[in-house]
Each structure stands twice: as structure tokens, then as C-alpha cells.
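Values in this text are rule-based calculations from the coordinates and carry no lab data. Model, not experiment: these values are computed from the prediction. Don't worry about glycine lacking a Cβ; one is built from the backbone with ideal geometry, like all the others, and counts go over all protein chains shown.
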Amino acid sequence: MKNILFLLLFGLLLSCSNEDITPYQREPEVELTDEVDKWLYENLQQPYNCVVRWKWDDNYVSINYYVTPPRKDIMIPVGEMIKTFWVEPFIEAGGEDFIIEHFPPEIVCVGSPLYNSDGTITAGYADSGVRITLTELNNYDLHDESWVLSQLQTIHHEFTHIVHQRHGLPEGWEVLSEEFYTGNSWINLEEDEAIARGMVSNYATSSKYEDFADFVGIFLTTDETTFTSKYLTLMDETSSDYDGLNAGREILLTKYDLMINYYKSNFGIDIVELRDIILQRMEDNIN
Amino acid sequence: MIKRFVLLWAVAVSCLLACEDNEPEYLFDESPETRIAQKINEYSDVLTAPENGWIGYYTSVNNVGGFAVLLKFGEDGNVTIKNEAVGFANIAEKEETVPWRVGVTQHPELVFESACIFTEWHGIAFETASGYSMGGGEFQFVLESVTDDQIILRSKTDQTDITYLYLRRAESTDWDFRGMSDLSENLINLETKSIVVNHKLVGDGLEKFVEFSGRERYLVVEGELGEAALYRYAISRTRLIMLDTIPWGDKMITEMEYDAQARTIKAANGLAVQMETDAEAEKNPTYLSPQFLPELTTTNPEVLTGPSWIWVGNPELAKVESLEVMIKNYDDFYGLEFLPNLKSLTIMGILATDSKIDVSKNKKLKRLTVMINPLLTHITLGNLEELEEVILTSNPMMKEIDLRSCCKNLKDFRAHMCHPTDFSVNVSGAKNLTYFAAQQNGWTSLDITGCTALEKLLINSDSEDDASVDDTSTSTLEDIIGLDASVQKRLTELFIPTSAVNGDNIKKFYQDCKAEGRNLLMMHGHSLIKPETDPDNMYNDNTYDHE
């Protein structure tokens, strides 16, 4: 009986041995012939391990959006913009390792706005710390200050999401305005109402994450005088011009310190210096 | 022996088990992956095969005709696209090269991978009843049918207005667009400009009303009386190619051509049919496309004939009782007369409008609201015996409103902020008028003769800045014609502009009321006048008594 069992087992083993296990072989890379693909590979994929998706693939954008792909002719300029206003300023501010470590593995490029079914527009978004989607790229014009500002705010806003999705928010951030987050009702708020709640924009009131991302995004793209006077300077409450927003500005001052410390202590980046580099580059390129 | 038999049996069973084939039985010779790859290669080969590429006529919506696109697919993954200009959308003729691929998601599909002519259609704003809709340009197409001579592409992402692009092999001459823009321009010049449908297709024993669009490349052709349908066309250098063939008796119109001498279009496939003007139609319309059609059909869709007409004989028109035309750019309101039972008409926020509105045929009209129409100069009222309420606000070019012919049932009149320099209102004879209010300067006259039911007559200046002082910067009312305490016996509230405090009729009305001891709330400007507290002076100058 033992022999029978042995033979049965032997037979079954035979039946499982007809497939060879071979180690994973990386598929050979296709030689790039397209000039845009080549440029993006050499300037962003090779050094920063980031694939720029510009040829349309609807797997990268939700079917709920009404969108178009980007123009081919603007893709190298868009890549230059990413380098000039995003990668290089971080490197110049001492954050080369930070950029290599945190730069998103994927940037998805969309030509049009992301039209939602309710008629609103989504400016851009970050997915799970790995992908940033940039929109309205077909309006590329480095001399159009409002377009550039909108793009850079989106880039730095979404990149901030990538950072906090990995490292969390600055300690103490989420309790500062926790009773003031409004979810989707942000659209009904005026900017002053947001400042009164200790946030830099009405969109920032939608959640603690948007609060942080918008704070950094707006900080990095706003000149010091404007940012300080609008968000950080307490007004004389006896003045006839007093706008009643000091309580919010006190919260914003605390958030400002938390942001400075977050980038300095975690990544060794002086975010004020980073802001100055970005603004200088904006001035040099836009005008 | 038995033991050996059992052993052999066990070996046999285990071997049988080892040989059991759990794999599915393939119906085809290749795996699905291989077959899909083969299909993709096969489609790609068909696309890249023609020496001169493919030609089709693209439109992103089914109520606009086609515009030529030529496609030369390259094996390097790029396609050269040449497109005809799309004048109505300000899209220029051009040639461009973009990446393409054939892939498979749910269906085999052709994707133009970066922005190109198809995505430009995406940015077009098409006017709709509720505003504008986006262009629906498609850059991902399902490969519906692929043969060596024809490819049928279906828009992939459209949920409702699904469009098709038919591609045929192009000739080298198809890439030459010379002459197309001239033909296109000639066709645009043929466009029907009248609100009345005043053209017909005539020939081969038939006559059908037709509306022709040169810009958006369609014809709307009458079917049976009260029916119409839209037929799209594209153009070559010499012809109109009907994307939807027009039935004509027992024949079909498949192509048309432009007749430069007669300045019209005619069938080009052996039928003696051409488009002609019908002069009689202007005098006696059968179909029309009023500018308020979107608003009308939003609430009364059944009045529509075909995509854009009203048939004047449609019994559904008699069911329309209300029409609101708001915030639009109109220059003609013709067509109101075909709404015989219209009871309420609101015309509001028209930025550029016909200088006149004629509602004299709307005999059932009860309520007329005309607000914020900067260019409106006149309303023709006629004899509207059922009119009860008139509201006029901010129509600065309108100087006169004479309601004498339609005052039988008029109960309520309001005119605010019209700001003309010589505004006059005549409601004399309005025996049922109980409420009259106007807040504005610039009066020439107000006649309320015979308004015996009037209870409130409230005339303020248009000053809103100072609660106690009238704006006297422009001429204001100095007296009210027909104001008489023996006629307006029910009048208990009388507000007059400060400029009118010395008007003879007004002073007499005040004195008569005081003599009768009538309870009258009277103000000039923002000052209260009380006969019982004004024993010595003509009027006191008390500020408004908030009690």
C-alpha cells in the first residue's frame, strides 16, 4: 500500500513538472524615434525616473472628464517649463536628493481643461503620490502671466500632495483650522471668508490636505510683499480700514512657521529661498 | 497477483491523472493575445496601405455637415492630416502630423494621440436652447468596419450624439483643395437670411420648402406638410456631396452643384431640381424660424417642425400661453403673432433687439414684462382687451407707452428706471387700473383721465442715494393729467416727485381730499404729506414718518 501511495504521489508530481520557471526578463526597450519622446526621456525620465504621458491613453484620465490631448509642438516647451520652474529651483535650493526621491514617477499631460459633468473645471490632480496630471497645456504661453501662474500653482500644489501623501502633514497643522473645513461647500466661500478661517483660498477650506497644498502652492508663486501683507500681517483693529481678519491671519502665521520648519527639518530645504528662485525665474521668463 | 494488479492499476490511474488536460480547448489556432495583435497589425496595414491615404468628411455633431479631412497614415506611427477650413468655427485649413495608434480596449480603435483637427472640433461652442454645448470633437474612434476600400469610424466617447466618419481611399487630386473655399464662400452667400422659410426646392413635379445653410452645411427640407428633416452635405472642389441623401419622389438627390449664373444650387445627379426663392412666403409664411425658437421649444417642444421650424398651421401653437425670452442677443421678434393664445410675455435682458416689438396680434395677452432692453424704442400694443399687467423697467430708448387702446382690463402698471428724457404714459380710460407705480425721472406727461379704480399712484424720482431729496438733475413730472378727487375716489396713496408739488391738478386733489377729510397717504419725494397735520401750509415738509 505504501508503494501505491508513492506511485500516486510520483505520478502527480510528474503532472506538475511540465513548466519551467524562468526569471523575469525585462522587455527590451523600444528605440525612441520621436523627437518629443527622446527629449522627455533624456531630460525627465532618465535623470528623475519620471515618465511624461503625452500621447493620448484614456486609461490615464477618468472617463467622467471631457478632455483633449496636448499639442505635440508644445510638449518640449512644457518639459522645459517643468524643469525651469519645478526641478531646477528645488535643486538650486539644495533639494536635489529631495527631487530625485519625490519627483512623481508619472506626469500625465492634458491639452484642455478637465471639464466635469457639472460644468466646473478641475485644474489638475495628484494620484496616490505617484502621478500628477497637468491640464490646459494647449494654452501654453510663457508670456501669459495668468496661465503661467495657474500652471505653477497647480504644479506646486499637486507636488505638495505627493510630499504629504508620503510624509504626512506638518505636525500640528490639521488642528489649526479643523472646525473650518467645508468639503464641497468651498465654492460658496469668498476669499476673505477663507482668510478669516486661517486659509489662503476658498479651495483650501475643502480639506486639511488641500489647505496645506494650496498654502505651499500659493506661497511659492506669490511675491513676499503680497503674501505677507495679505495673509500674515496683523492689522490695527482700531483702524477704520480694519478688515476683521486678524484671527485668521494669526492661524496663517502659525501655518507659515510650520511649513518653513517642515521643509527645513525634513528635507533640508529653505522654502523661502526656493520661493525666491521660482519668482526670479518667473520674472526672467515671463517678461 | 492481485497485489501486482492493484499496483498496475494505481500507476495507470496516476498517469491518467497526470495526463488530464485541464486547458481550455482552443477554437482558434492562436491565443487571444496573438489574434488581437494580428488584428491590430491587419488594421494598421489597411490604414497605411493607400498611396494617397484616405479622405472623409468630418463633423462632431449630427446637425452639421462634413468638412474634408485627408489622412496619410505612416508606418512610423505618425499620420499626416490635412483639413479643410471650418469657417463657422474659425478653424483654418492646415496640414499637421500627429502620432496615431490602433489599439483595443472594448473594441478595436483608432486613436489620434495628440491634439489635431478632431480635437479642435472639441472646442467649438454650439448654441443650444439652454446656452451652449461643447463641440464633441472625437479623437478616439471605434473601428466599426475596415475593408481595403472603406473604413467606418464611430466616435468612441459620445454617449448620445454618436457620429461616424466614413473614409474612402483618396486620389492624389483630393489633396488639392483649390476651389473649395470659393465654393464654400458661394454657398455661404446663398444662406437663407429671413426668419421666414422663403426658399423651395423645385423640380421633377415637386416643390418643397427648404432652408439652406452654407456655413454649417445642411439643408432642412419639407416632407409632408408640417414635417421637415435635416440633410447634411460636404463639398468637393466642384460639388455638394450629400452625406444624407434627399428623397425626391421615387428618386434620391445624392449630389448637388452650385450654379454661378443663377446663383443657386441644383441637383447634380440627373434630376432637374433646384433651389428657388418663394416671394409669396414672406407675405404669407408657411414655416418660420423665429429667433425665440429655443425658448419656445424648451417649454413647448411639440411646436417644432423638423430641427428648426415652426409650421404656422401647427395646432400646438394655440396651446402656448407663456413665453420668456431672457438674456439673448436678438434683432427680430417676428413670429409672436403665430401664438394666438399667448397670455404672458417676458422680454428681459436683450442686449441688442429689434427697435420695436409688436404684440398687437396676441389678443389674449394678460401680462407683459419688458425689462432691461437697451435699444427698444416702441411696443406696438394694438387693441389688447385682456391685458391686465404691464411692467417696464430699464428700457432707456422707449419714450412713450400709450395704453388707451388696451386698457379695458388693465389693473397694474409699473415703469421703473427707464431714464428717457421725455417719457410719457397714457392710461386714460383704464377703469380697472388700481395700481400705478413709476420710479424714474425724465417725464413729459402722465395721463390718468378716467382711472376711477385707482388706489395707489406712486411716482418717485430715480434717486436712491438720499432718502430725503429728489434727484432733480433731469426733467421730472410737473403735474398729472386727469388727477381729480371726484374721479379717483379710491386713491389712498399718492406719491409725487418734488417737482410736481405745484402742479394745479395735484394741489387741487390735495385740497379736495383735505376738504372731504379723506384719509390720504401723500408724499413728495421722500417727504410725507398729511392733510390733517397741515392746517396752515400747502404742504408740510415733514420727513418720512416711519410709524
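Semi-axes of the equivalent ellipsoid of the stretch B:139-218: what are they in whole Å, largest first, if each equals the square root of 5 times a C-alpha gyration tensor eigenvalue?
Values: eigenvalues 201, 77, 43 Å².
Gyration-tensor ellipsoid for the stretch B:139-218: 32, 20, 15 Å.
Quick one: Cα centre-to-centre distance for the stretch B:196-252 and the stretch B:344-384, in angstrom?
Centre-to-centre distance over Cα atoms comes out at 35 Å.
Trypsin sites (Lys or Arg not before Pro) within the stretch B:125-194: which are DSSP loop residues with at most 10 other Cβ atoms inside 10 Å?
Sites meeting the loop and neighbour criteria: B:R178, B:K193.
So for the pair B:L375, A:D243, with labels modelled 7 Å out along Cα→Cβ, what separation do we get in nm?
4.1
Would you mind pulling out the separation of the Cα centroids of the stretch A:218-249 and the stretch B:42-92, in Å?
Each part reduced to its Cα centre gives a spacing of 56 Å.
How much FRET efficiency would the formula 1/(1 + (r/R0)^6) give for B:T264 and A:E92, where r is the Cβ-Cβ distance and R0 is 51 Å, rounded to 0.05?
Efficiency at R0 = 51 Å is approximately 0.15.
Can you work out the FRET efficiency for the pair A:E80 and B:M397, with r the C-beta to C-beta distance and R0 = 41 Å, to the nearest 0.05?
On the way: r = 55 Å, r/R0 = 1.34.
Plugging the Cβ-Cβ distance into 1/(1 + (r/R0)^6) gives 0.15.
Roughly what % of Cα-Cα distances in the stretch A:4-286 sit above 32 Å, to the whole percent?
The share of Cα pairs beyond 32 Å in the stretch A:4-286 comes to 34 percent.
Local charge sum around A:E136 (other residues, Cβ-Cβ under 12 Å, Lys/Arg +1, Asp/Glu -1)?
-1
Let me know the whole percent of all Cα-Cα pairs from the stretch B:32-176 that are separated by more than 27 Å.
For the stretch B:32-176, the share of Cα pairs beyond 27 Å comes to 19 percent.
If the reach is capped at under 16 angstrom between alpha carbons, list the aspartates and glutamates near B:K94, excluding any in the same chain fewer than eight residues apart.
A:D73, B:E84, B:E120, B:D174, B:D176
Using only the alpha-carbon atoms, how far is helix B:504-516 inclined from the longest principal axis of chain B? Give it as 0 to 90 degrees, nearest 10.
With both axes taken from Cα atoms, the answer is about 70 degrees.
Would you mind giving the average projected area, over all directions, of the Cα convex hull of the protein assembly as shown in nm² with one decimal? Kindly include the intermediate steps, with their values, before the conclusion.
On the way: hull surface 232.3 nm².
Projected over every direction and averaged, the Cα hull of the protein assembly as shown covers 58.1 nm².
Grab the beta carbon distance between B:T298 and B:E386, set R0 = 35 Å, and tell me the FRET efficiency rounded to 0.05.
Computed FRET efficiency for B:T298 and B:E386: 0.90.
Report the relative contact order of the stretch B:181-282, percent, no decimals, based on alpha-carbon pairs under 8 angstrom and at least 6 residues apart.
RCO, the stretch B:181-282: 25 percent.
Once you average over the residues of B:95-107, how many Cβ atoms of partner chains fall within 10 Å of each Cβ?
Mean shielding by partner chains, rounded to a whole number: 2.
Taking N as the number of residues in the stretch B:186-339, what value does Rg over Cα atoms divided by 2.2 N^0.38 Å take?
Details: Rg = 16.1 Å, N = 154, 2.2 N^0.38 = 14.9 Å.
Ratio of Rg to 2.2 N^0.38 Å for the stretch B:186-339: 1.08.
Which links in B:K82/B:K251; B:K399/B:K507; A:K208/B:K156; B:K408/B:K489; B:K200/B:K366 stretch past 29 Å when you go from one Cα to the other?
B:K82/B:K251; A:K208/B:K156; B:K200/B:K366
Can you give me the angle between helix B:180-189 and the longest principal axis of chain B, using Cα atoms only, in degrees from 0 to 90, rounded to the nearest 10?
Around 30 degrees separate the two axes.
So which GluC sites (Glu not before Pro) in the stretch A:150-245 end up in coil per DSSP with only 13 or fewer other C-beta atoms within 10 Å?
A:E171, A:E190, A:E237
What is the angle, in °, between the Cα long axis of helix B:2-19 and the longest principal axis of the Cα atoms in chain B? Nearest 10 is fine, range 0 to 90.
Taking Cα atoms only, the helix is inclined about 50 degrees.
What residues of the stretch A:193-218 lie in the reach of a label at A:E178, counting those whose backbone N is under 19 Å from a point 7 Å from the Cα along Cα→Cβ?
A:197-199, A:205-213
With +1 assigned to the C-beta of every Lys and Arg and -1 to the C-beta of every Asp and Glu, and no other charges, what is the dipole magnitude of the protein assembly as shown about the Cα centre in debye, to the nearest 20?
2560
Put +1 on the Cβ of each Lys and Arg and -1 on the Cβ of each Asp and Glu in the protein assembly as shown; which of B:F292, A:G95, B:S405 then has its Cα farthest toward the positive end of the dipole?
Of B:F292, A:G95, B:S405, it is B:S405.
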